[in-house]
Amino acid sequence: DGISGCRRFPVGGLSLVETSAELRFLPVQKPYGFVGFVDFGGASGDLNPFANEPSLDAGLGVRLRLWYLPANVDAAYAILREGDIQGIDDGPFRVFFRIGEAF
């Protein structure tokens, strides 16, 4: 039962810190571009967002402009996951696909 699962584990939180930096190379009037990015943050069930230690990811992405519809593919590496340095055995790679802009 999904509802009883929510009663056993905390859902939500009291604090969140997140920040991102992105460097874009998007040539004028070209249907493609590239980005490099870094994401950092933490979330917690108390007032200290870093009580569970911070997380840090970095990656590269491709930006496509297809018929006025932007499509993005990003590949990221989790450098820190809740304060622990991630190695290859930890499965730190992630791939994201998105259609449309994120605001």
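The values are calculated or read from the model by the stated rules, or taken from the named source; none is laboratory data. For clarity, every value in this text was computed on a predicted model and none was experimentally measured. In this analysis, Cβ positions are derived from the backbone assuming ideal geometry, glycine residues included, and neighbour counts consider all displayed protein chains. What goes into the accessible areas is simple: the full protein's heavy atoms, side chains included, and nothing from ligands, DNA or RNA. Shrake-Rupley method; radii C 1.70, N 1.55, O 1.52, S 1.80 Å.
Observations on the structure shown:
- Whether segment 40-90 is rounded, prolate or oblate, judged on the alpha carbon gyration tensor where a/c under 1.5 counts as rounded: oblate
- Adding -39500 (n - 2.57) for every DSSP H run of four residues or longer, then dividing by how many residues the chain holds, sets the calculated 222 nm ellipticity at -1500 deg cm²/dmol.
- Label sites at Leu66 and Val38, each approximated as a point 7 angstrom past Cα along Cα to Cβ, lie 3.2 nm apart.
- For segment 53-99, with all protein chains in place and a probe radius of 1.4 Å, 66% of the accessible heavy-atom surface sits on carbon or sulfur.
- Karplus-derived 3J(HN,Hα), 6.51/-1.76/1.60, for each residue of segment 43-54, Hz, glycine and proline x: 9, 8, x, 10, 7, 9, x, 9, 4, 9, 6, x
- Å² of accessible area per residue within the chain, as computed with a 1.4 Å probe and no ligands counted: 76
- This structure gives semi-axes √(5λ) of the Cα gyration tensor in Å, computed directly, and of [x] 42, 16, 14; [y] 32, 17, 14; [z] 25, 18, 8 that value is listed as [y].
- Amide H contacts of Gly45 (H built 1.01 Å from N, under 5 Å, at least 5 apart or other chain): Leu14
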